[in-house]
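Comments concern the structure below.
The values are calculated or read from the model by the stated rules, or taken from the named source; none is laboratory data. Computed from a prediction, not measured in an experiment: that's the story for all the values here. Please note: Cβ atoms are built from the backbone with ideal geometry, for glycine as well, and neighbour counts cover all protein chains shown.
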């Protein structure tokens with residue numbers, strides 16, 4: 001869905017079906033999309049929209065209770081993204097129904113008694129450990145971690161190897177706080193590794209108990225891997241161009257706004273390159289947009305092969321791309337660009353039994369102390385790109401230099 005101040009501008013059919021409408025077009029008759037949000041969350045949605053559009057907050061992932069056309073309430077995970085619609089900014093929203101996961105987690109949080117946790121052992125994993133040495137677990141917990149049965153897990157000296165190493169320090173701190181009585185319970189999510197090597201995410205509630213006369217930790221676990229995978233998938237969609245798979249303009253801008261101040265503070269070199277595919281409009285006009293899309297995808301794949309691991313390449317818009325090269329001098333940037341140009345073939349596909357190739361023009365700008373941010377760097381890169389285009393295309397030019405490759 002794309003909207004401006006909750007007035008719908010566009011909706012696809014998948015979005016419409018979430019709310020009981022036959023098509024996206026039918027949703028455009030709504031005067032205010034806040035009607036789809038539970039009343040007690042409408043004010044928060046309004047405040048979030050205003051903060052994002054004003055630049056006070058970044059678009060991100062949120063959870064809302066929504067209402068469909070039949071009055072049924074359900075929980076959705078939303079990904080917000082600012083786009084340009086008819087020349088003005090608007091908010092694009094992608095949604096995913098997470099009612100089942102939300103309800104499961106709500107039931108877990110409401111379960112405070114150990115008896116209830118033991119009864120629900122077939123649904124929730126239950127573990128008791130002392131300084132990570134397992135003392136007891138139920139079948140559900142053993143199966144979550146890939147063990148055949150409880151005893152196989154209890155034969156382990158420690159459960160720490162089942163927890164991703166980056167969480168070990170937190171696990172030790174939580175363990176000490178619970179045993180010392182500093183905390184009554186701790187809820188956290190942890191990345192874990194099953195014995196078969198597969199990665200899972202567990203939502204954990206830990207609390208101190210007495211086990212055989214000594215202090216120990218009881219952990220209740222629920223597998224939330226699907227929710228984390230969904231979040232990662234939605235975050236990927238929010239940060240990548242759907243056609244080429246490259247970073248999108250918004251994600252690349254965020255990266256540049258992090259990289260540029262750091263490079264200015266340390267004095268390290270950084271280069272920005274604007275790339276434009278030559279005569280791209282004529283390809284679309286002559287062969288159709290599907291061939292143009294194929295050319296864009298081919299160039300994106302070429303970039304992935306030719307560029308370094310720490311370089312950032314994004315689809316800036318249309319047939320234009322932006323390349324950010326951290327810790328790179330102009331001379332190094334020219335070598336990278338020349339390698340990219342050599343990888344850009346004169347032939348990439350056949351159309352109407354004729355070979356179709358393409359070329360690219362590129363403008364390079366190096367970060368200078370006078371730059372205040374990405375805008376000034378882009379301005380000079382765009383000037384260099386214009387010079388490359390004006391002087392015959394299929395070449396690169398450096399901002400501030402009169403000759404190029």
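No other residue among 277, 234, 246 is within 20 Å of residue 80 (Cα to Cα) and either in the same structural domain as residue 61 (by TED's automatic domain parsing) or buried (at least 18 other Cβ atoms within 10 Å of the Cβ) (or both) apart from 246.
May I ask you to say which residue of 276, 293 is more than 25 Å from the chain's Cα centre (by Cα) and either within 18 Å of residue 357 (Cα to Cα) or not in a loop (DSSP other than H, G, I, E, B) (or both)? After applying the criteria, what remains is 276.
Could you say whether any residue in the range 142-160 is under 23 Å from residue 179 (Cβ atoms), at pLDDT 90 or above, touching a strand residue (DSSP E or B) at 6+ places or on another chain (Cβ under 8 Å) and not in a loop (DSSP other than H, G, I, E, B)? Checked the range 142-160: at least one residue is under 23 Å from residue 179 (Cβ atoms), at pLDDT 90 or above, touching a strand residue (DSSP E or B) at 6+ places or on another chain (Cβ under 8 Å) and not in a loop (DSSP other than H, G, I, E, B). Within the range 230-273, the set of residues being part of a helix (DSSP H, G or I), in contact (Cβ under 8 Å) with a residue 12 or more places away in the chain and farther than 27 Å from residue 397 by Cα comprises 230, 231, 234, 235, 237, 238, 239.
In the range 61-91, the qualifying residues are those that are closer than 16 Å to residue 12 by Cα and under 15 Å from the mean Cα position of the chain (by Cα), and the one that is surrounded by the most Cβ atoms within 10 Å (Cβ to Cβ) is 79. Scanning the range 303-323 for residues that are touching a strand residue (DSSP E or B) at 6+ places or on another chain (Cβ under 7 Å), under 23 Å from residue 279 (Cα atoms) and part of a loop (DSSP other than H, G, I, E, B) yields one hit, 319. Please work out which residue is surrounded by the most Cβ atoms within 10 Å (Cβ to Cβ), limiting yourself to the range 363-388 and to residues that are part of a loop (DSSP other than H, G, I, E, B) and touching a residue at least 12 places away in the same chain (Cβ under 8 Å). Among residues in the range 363-388 that are part of a loop (DSSP other than H, G, I, E, B) and touching a residue at least 12 places away in the same chain (Cβ under 8 Å), the one surrounded by the most Cβ atoms within 10 Å (Cβ to Cβ) is 367. Quick one: which residue in 163, 82 is farther than 23 Å from residue 212 by Cβ, touching a helix residue (DSSP H, G or I) at 6+ places or on another chain (Cβ under 7 Å), assigned by TED's automatic domain parsing to the domain that holds residue 221 and at pLDDT 85 or above? Residue meeting the stated conditions: 163.
In the set (1) assigned to a helix (DSSP H, G or I); (2) crowded, with 17+ Cβ neighbours inside 10 Å; (3) not assigned by TED's automatic domain parsing to the domain that holds residue 319, residue 205 fails one condition alone, (1). When residues in the range 85-108 are screened for being within 30 Å of residue 206 (Cβ to Cβ) and either in a loop (DSSP other than H, G, I, E, B) or at pLDDT 85 or above (or both), 1 of them pass. Candidates in the range 1-36 are the residues that are closer than 15 Å to residue 96 by Cβ and outside any helix (DSSP H, G or I); of these, the one that is modelled with the lowest pLDDT is 19.
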